[in-house]
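Peer 1: I'd like to ask some things about the structure below.
Computed from the coordinates by the stated procedures, all read-outs in this text should not be read as laboratory data. Keep in mind it's a predicted model, so treat the numbers as computed, not measured. Neighbour counts are summed over all protein chains in view; Cβ atoms, including those assigned to glycine, are modelled from backbone coordinates with ideal geometry.
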Number of protein chains: 2
Amino acid sequence: MARYQAGIRTEARIIDATRELLGEVGLEGTTLKAICDRAGVRAGSFYNIFDSKEEAIMRVVAEAIASVDPDPQGAGTDTVGELIKAYARFITGQSTVARIYLQTVVSGGLTDNDLAKRFLRHHERRVARFADAIRRTDPEIGVAEAGEDAELLLAALNGLAFHWMLQPAFDFTGHIRRIIDAHEWLRRRR
Amino acid sequence: MARYQAGIRTEARIIDATRELLGEVGLEGTTLKAICDRAGVRAGSFYNIFDSKEEAIMRVVAEAIASVDPDPQGAGTDTVGELIKAYARFITGQSTVARIYLQTVVSGGLTDNDLAKRFLRHHERRVARFADAIRRTDPEIGVAEAGEDAELLLAALNGLAFHWMLQPAFDFTGHIRRIIDAHEWLRRRR
DNA sequence: CTCGAACTTGAGTGTATGCTCAAATTAGAG
DNA sequence: CTCTAATTTGAGCATACACTCAAGTTCGAG
């Protein structure tokens, strides 16, 4: 834990370097050497501040999770459309953090139990947020149905985000508009 | 390349071991030692058959990609509902291969250019397959619109599959049914 | 300015990784 | 059975990995 200004600056450089590397080369390429080279420090400095490389990585992962919802205070007032647009802004606006979110959190969870648990808790909060927004617009639909709608929305959003990450020429925002339209149409079914 | 029966058996054991490990511990845990231990061979035997560890892994990845569509001969005749159900069967019925598909192919693509290209080609074929099925049922809709619908369907399917992989208690098939229903409803809009 | 705490370096540790290679063993054809 | 090709083993190579540690340097308070 850094106490002097110098240490605090070093800590920030290490976190920045870790974030960039996770976004560029994923978990596998984010070695201690790569982090230290990019941050301009030696391993001993790194371990003066962090107990392990994993600690630095989990800091960046936690940051990425926190970034998906840029407006936690909006809970209880926002609409589904606003939530969808906020997600789209996150994905297209902060591509490094978004890449870390998708790659490390989502798929890292397939092989890492801690990451899996962390992501599931986060996902549940996201589903609940969307379901609240759905029921606020349509109070007559049940909690379970709203939850299912929220799951489908989030699944589609995540799937589109993956495609966009792989192929930046993919028309992500166009498909986001279609999701909003489709959601509106399905509302009229009720 | 194995020529005698003994070598052919060894090759199969290595591929089986690689597949299991990729499904259980992902790319990072699939070390040469782990593969050889599980296959019951030494490294020298491995390198008598494969040029590199990567060659064995790409064999298994190619197999996973080929497995997503269990019925390539159905192209031109199948319905969207059938394609969706086939995907669901793939995900729930072969969990090791499905896990490899999602984890290695889809998200591995975020950091590996070869995997990314490979997956994008595969994804385009999948989108085209779904779009064909959509237009077969609704010939009046345009190619572009059918392609967009197909993208959304596949995005949602992939997103749900990720959730199911992370949390087997998640009601994957229930959500698949809702996707089929939603798709039918959106057809009636036209 | 001094002095102790914090930070940084450089050199190293122990272990794991993918891969090589020569000798030993097995397989398969005649 | 012989003999050659194929396969396998065991021992090792070179390198990379996360991390340690003592000495040197910088920081910050008094």
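Peer 1: Contact order normalised by length for chain B, with contacts defined as Cα pairs under 8 Å and 6 or more residues apart; what percent is it?
Peer 2: Once divided by the residue count of chain B, the mean separation gives 18 percent.
Peer 1: Also: Between copies, how far apart are the A:Val143 label points? List them in nm, one decimal, shortest first, with each point 7 Å from Cα toward Cβ, please?
Peer 2: With the label placed 7 Å along Cα→Cβ, A:Val143 yields 5.0 nm.
Peer 1: Would you pull out the residues with amide H under 5 Å of B:Thr30's amide H, same chain only if 5 or more places away, H placed 1.01 Å from N?
Peer 2: The answer is none.
Peer 1: Between copies, how far does the label point of A:Ala75 sit from its twins, in nm, shortest first, when each point is 7 Å from Cα along Cα→Cβ?
Peer 2: From this label point to the equivalent ones elsewhere in the assembly: 4.8 nm.
Peer 1: Still on this structure, please answer the following. Quick one: which residues, 5 or more positions from A:Asp112 or on another chain, have an amide H under 5 Å from its amide H? H modelled 1.01 Å from N in the peptide plane, none for Pro or chain starts.
Peer 2: Counting only residues 5 or more places away or on other chains, the set is empty.
Peer 1: Still on this structure: Per residue and in Å³, how big is the convex hull formed by the alpha-carbon atoms of region A:79-190? Mind showing how you got there, number by number?
Peer 2: On the way: hull volume 10.3 nm³, N = 112.
Dividing the Cα hull volume of region A:79-190 by its residue count gives 92 Å³.
Peer 1: Under 10 Å, Cα contacts only: if you run a Gaussian network model on chain B, which one of B:Gln94, B:Gln167, B:Gln103 comes out with the highest mean-square fluctuation?
Peer 2: B:Gln167
Peer 1: How far apart, in nm, are two points set 7 Å out from the Cα along the Cα-to-Cβ line at A:Arg59 and at B:Ala144?
Peer 2: Rounded to a tenth, the inter-label distance reads 4.8 nm.
Peer 1: Mean-square fluctuation check for chain B, GNM, Cα pairs under 10 Å: which of B:Ile179, B:Ile134, B:Ile91 is largest?
Peer 2: Its mean-square fluctuation being the largest, the pick is B:Ile179.
Peer 1: Sum -39500 (n - 2.57) across every DSSP H segment of at least 4 residues in chain A, then divide by the residue count to get the 222 nm mean residue ellipticity, nearest 500.
Peer 2: Numbers: 9 runs with 142 residues, N = 190.
Theoretical 222 nm ellipticity from helices: -24500 deg cm²/dmol.
Peer 1: Can you give the Rg/Rh ratio of the protein assembly as shown, where Rg is from the C-alpha atoms and Rh is the Kirkwood radius?
Peer 2: Using only Cα positions, Rg/Rh for the protein assembly as shown is 1.00.
Peer 1: Applying the Karplus parametrisation 6.51 cos²θ - 1.76 cosθ + 1.60 with θ = phi - 60° to the phi angles of region A:6-15, what ³J(HN,Hα) value in whole Hz is obtained for each residue in order, glycine and proline being reported as x?
Peer 2: 4, x, 4, 5, 4, 4, 5, 5, 5, 5
Peer 1: From largest to smallest, what semi-axes in whole angstrom does chain B give when each is the square root of 5 times an eigenvalue of its alpha carbon gyration tensor? Can you show the working numbers first?
Peer 2: Numbers: eigenvalues 266, 57, 39 Å².
Equivalent ellipsoid semi-axes, largest first: 36, 17, 14 Å.
Peer 1: For B:Thr96 and A:Arg136, what does the FRET efficiency come to when R0 = 30 Å and r is the distance between their Cβ atoms, rounded to the nearest 0.05?
Peer 2: E(calc), rounded to 0.05, equals 0.10.
Peer 1: Straight-line reach from A:Lys117: which lysines have a Cα under 23 Å away, not including same-chain ones fewer than 8 places off?
Peer 2: A:Lys53
Peer 1: Place the label 7 angstrom along Cα→C-beta at B:Gly7 and in each other copy, then list the distances from the first to the rest in nm, shortest first.
Peer 2: Distances between equivalent label points, in nm: 6.0.
Peer 1: Still on this structure, I have one more. Go ahead and collect, in residue order, the members of region A:87-112 whose backbone nitrogen is under 20 Å from a label point 7 Å along the Cα-Cβ direction of A:Glu124.
Peer 2: A:105-112
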